[in-house]
RNA sequence: GCGCCCAUAGCUCAGCUGGAUAGAGCAUCAGGCUUCGAACCUGAGGGUCGGGCGUUCGAGUCGCUCUGGGCGCACCA
C-alpha cells in the first residue's frame, strides 16, 4: 500500500507542481484505497475541483490501480488482487521484529507518566483510566519507533501521608499495630478485602470523616508530614512500612493488567532530596515571591494564568507542585526526552498549566515538550467518587465481576472449553479495558455495571470473538495454518509472527466482503499512528472493531473450507484469516488486551 | 464571580488538520443455524449535530453570543 501511495503522490506532484499533496483514506473501500481531495489544488490552479479531479483521472495511470473521479475527489482504487497482495503482503511478510503497522526506530524519546496511585489507597475503577490509557500510549509510541520510558509518579509523599500517620497513631498503633485485625469501629468488609492495606485505607477514610468536624486534625496531619520531611525516625519507619505494603498490592494489580513500568522507584518521595535545590534554582531565577502566610509562590499572570503556583507551604513543607517541578528537571537531566506525557485527570489541568508555565520561564528547553493528556473522571450515578468518603468502586471488584459474568456465558455456550478461568479473565479484562478506550474523551464517565461490563456489540469480547473464530477455522483447516497465526513471544509491544509467503493465486478474495476486510486491515497502521498523535487509544479500538465486523461479514458470506472451493480459493481465504488474526492479536495487545484462541 | 472543558438518534458514544449521502453499538421491530463457532449476521424505523448570529465556494468541525452540564480557582494530590 505504501508503494501505491508513493507512486500516487509522485504522479500528483508531477501533474500539479507546487501543490500540497495530502492523501486521505476514503470512507469505504468501495470508493477506493486512497483519496485526493482536489479542493485546495483546484483553487491554486484556478479550476473547479470536480473538473480537476476528472482531468487528473484521465491523466494519471498507475499499474494495478483504477483512478476514478468521484465529484471533487480523485480516488485510487486497487484492483481486487492488487489490494489483496498489498495488504496481505504487508501483514504476512512483515519481519518478526517489525510487525505490520510498526515503524523503525526514530531516535526520539518519550516519557509516559501514568497510573500514579496514592499509597494506602486501593485501586478504584478511576485508576484504570490513567493506567490503561497510559499503557496504550506507551505501547503505541514504542511500536512507532520511539524509545519509551514508563514512569509511575507514585503518590508516596505529601500531606496525605501525614494524614495516614496521624490516623495510624490515633487509632491503630496501640491496639492494632500490625493492622492484622479488623477494627471494631469499622464496618465488616468482604473476606477478600480484609488485608492490612485495606485497614490502612479505613484509617484514612475515618480521619477525613472526623476532620470535617474538627479542623484541628488537619494541622495534626500537616505536622506529621512536616515530621516526615524532617526525617523523624518514627515517621520514616511508618512511611516505609506503609509504602511497602502498598507497592506489593499495586504490583499484584499491574501483573493482572499486564502493565509494567521501567521503575517504581521514581515516585514523589524520590524527589525529596531535590526539592531544596529546585527551590534554590527558582529563587536564583528571581521567580519566587512571598505569598500569604509565609508561603512562597510564582506569579503567572503574565502568561494568562490568574492563580499563582505555590511551591512552598507556609510551614516550609513542600507541595505537589514542588515535586512535579523537581521531577521535570530530573527527567530532563536523566532522560533528555523529546516529549513527556502526563496521563492525569482533567481535574488537574490548571496544575499542569502552572507547572509547564513555570518550567518555560525557568528553562526554554521545556517549551513544547510537556504535554498533559487529561481524561474525564469516572463518576457514580449518584455523584462524584471519593476515596476519602469511601463511596468508590474498586477496580478488582469490577474485574472480578466481569470475569464472573463471562464465566457464566462460557458455561452456557462452551462448557467443554479448556482453561475456562484464564479465558474468562482475558475476556472480562478485555470488556472493561476496551470499554474505557472506546470512551476515551475528556468527558466524564458515569459508571454503571452494565455499561462497563457490556459483552455485546462494540466491545472487547466482540473483537476477541472474531479472533477465536478465525483460530477455530484455521485449526479445522489442518496443516500448519493455525501455527501461522500463533503469536510468538512479545518483545515490548511487538508480537513476533513468523513471516509467511503469500499464496500465488488470490482470486478467492474478489468478493466484496473480502475486499472490505482488506480495506479495514489497511486502516490499522493509520489508527495506531493516531493513538500516538492524539494521545488516545480510541482510534485503534474503533479500527479493531471495524476489522472484526468486516471479518464477520466475510466469514458469513465467503465459505472458507467449503468442499466446493478450489484449493487456490481456500488458501487465499485462509491466508486472509491468518492476516486478520495477526492484526487483531497485535492491535489488542497494544491496548493491553489478550486474544484467546478459543472462548 | 473568573477560567477551562463538554453538548451529535430514545440511551451510550464515533466523526482525522473545515470537504463525498452525519456513522456505530445498545434498545425496539422484522428476518437468518441439516453447512467453517448465532458471544454472530441481514434489514427497518429513529437526526432542526443544544438555540441564535457570523466567517467560508463549503461548518457537526472555526469565531461571537445565549442556554444547560462537568471541572478548577494557592498551603490535598
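The values are calculated or read from the model by the stated rules, or taken from the named source; none is laboratory data. The structure displayed is predicted, hence computed values, not measured ones. For neighbour counting, all protein chains shown are included, and Cβ atoms are generated from backbone atoms with ideal geometry for every residue, glycine included.
Regarding the range A:337-358, can at least one residue be identified that is farther than 17 Å from residue A:112 by Cα, within 25 Å of the chain's Cα centre (by Cα) and away from RNA strand B (no atom under 11 Å from the Cβ)? No: zero hits. Has the range A:470-482 got any residue that is in a loop (DSSP other than H, G, I, E, B), touching a helix residue (DSSP H, G or I) at 6+ places or on another chain (Cβ under 8 Å) and at pLDDT below 95? No, there is no match, as no residue in the range A:470-482 is in a loop (DSSP other than H, G, I, E, B), touching a helix residue (DSSP H, G or I) at 6+ places or on another chain (Cβ under 8 Å) and at pLDDT below 95.
Evaluate the range A:67-75: report whether one residue or more is within 12 Å of RNA strand B (Cβ to nearest atom), modelled with pLDDT of 90 or more and out of contact with any helix residue (DSSP H, G or I) (no Cβ under 8 Å at 6 or more places or on another chain). Yes: the range A:67-75 contains one or more residues that are within 12 Å of RNA strand B (Cβ to nearest atom), modelled with pLDDT of 90 or more and out of contact with any helix residue (DSSP H, G or I) (no Cβ under 8 Å at 6 or more places or on another chain). If you go through the range A:293-315 and keep only what is surrounded by fewer than 17 Cβ atoms within 10 Å (Cβ to Cβ) and more than 9 Å from RNA strand B (Cβ to nearest atom), you end up with A:301, A:302, A:303. Within the range A:402-409, identify whether any single residue is more than 20 Å from residue A:463 (Cβ to Cβ) and at pLDDT 90 or above, and answer yes or no. Yes, the conditions are met somewhere in the range A:402-409. Identification of helices (runs of 4 or more DSSP H) wholly contained in the range A:1-101 with 3 or more residues that are surrounded by fewer than 16 Cβ atoms within 10 Å (Cβ to Cβ) yields A:2-15, A:39-45, A:49-59. Is there a residue in the range A:130-140 that is crowded, with 20+ Cβ neighbours inside 10 Å and over 30 Å from residue A:96 (Cβ atoms)? Yes, the range A:130-140 contains at least one residue that is crowded, with 20+ Cβ neighbours inside 10 Å and over 30 Å from residue A:96 (Cβ atoms). When A:194, A:199 are checked against the criterion of being under 19 Å from residue A:250 (Cα atoms), surrounded by fewer than 22 Cβ atoms within 10 Å (Cβ to Cβ) and without any contact (Cβ under 8 Å) to a residue 40 or more places away in the chain, a single residue qualifies: A:194. Scanning the range A:148-182 for residues being out of contact with any helix residue (DSSP H, G or I) (no Cβ under 7 Å at 6 or more places or on another chain) and under 18 Å from residue A:342 (Cβ atoms) gives a total of 2. In summary, residue A:157 fulfils each of the numbered conditions (1) in a helix (DSSP H, G or I); (2) touching a residue at least 40 places away in the same chain (Cβ under 8 Å); (3) farther than 23 Å from residue A:439 by Cα with the single exception of condition (1).
Looking at (1) farther than 22 Å from residue A:102 by Cα; (2) part of a loop (DSSP other than H, G, I, E, B); (3) near RNA strand B (Cβ under 8 Å from one of its atoms), can you tell me which one residue A:563 breaks? The single condition residue A:563 does not satisfy is (3).
crowded, with 19+ Cβ neighbours inside 10 Å and either away from RNA strand B (no atom under 14 Å from the Cβ) or not assigned by TED's automatic domain parsing to the domain that holds residue A:285 (or both): is that true of residue A:371 in this structure? No. Taken over the range A:494-515, the criterion of being surrounded by fewer than 20 Cβ atoms within 10 Å (Cβ to Cβ) and more than 30 Å from residue A:138 (Cβ to Cβ) is satisfied by A:501, A:502, A:504, A:505, A:507, A:510, A:511, A:512, A:513. Consider the range A:448-473. How many of its residues are surrounded by 18 or more Cβ atoms within 10 Å (Cβ to Cβ) and more than 6 Å from RNA strand B (Cβ to nearest atom)? Counting residues in the range A:448-473 that are surrounded by 18 or more Cβ atoms within 10 Å (Cβ to Cβ) and more than 6 Å from RNA strand B (Cβ to nearest atom) gives 11. All of A:46, A:134, A:64, A:145 fail the test of being within 34 Å of the chain's Cα centre (by Cα), on the phi > 0 side of the Ramachandran plot and not assigned by TED's automatic domain parsing to the domain that holds residue A:502, apart from A:145.
Table: residues versus (1) touching a residue at least 60 places away in the same chain (Cβ under 8 Å); (2) within 13 Å of RNA strand B (Cβ to nearest atom); (3) surrounded by fewer than 21 Cβ atoms within 10 Å (Cβ to Cβ); (4) assigned to a strand (DSSP E or B).
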| residue | (1), (2), (3), (4) |
| --- | --- |
| A:487 | yes, no, yes, no |
| A:532 | yes, yes, no, no |
| A:541 | yes, yes, no, no |
| A:545 | yes, yes, yes, no |
| A:552 | yes, yes, yes, no |
| A:575 | yes, no, no, no |
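Restricting attention to the range A:176-202, the residues being modelled with pLDDT under 90 and not in a helix (DSSP H, G or I) number 7. Scanning the range A:374-422 for residues that are near RNA strand B (Cβ under 9 Å from one of its atoms) and closer than 30 Å to residue A:337 by Cβ turns up A:374, A:376, A:377.
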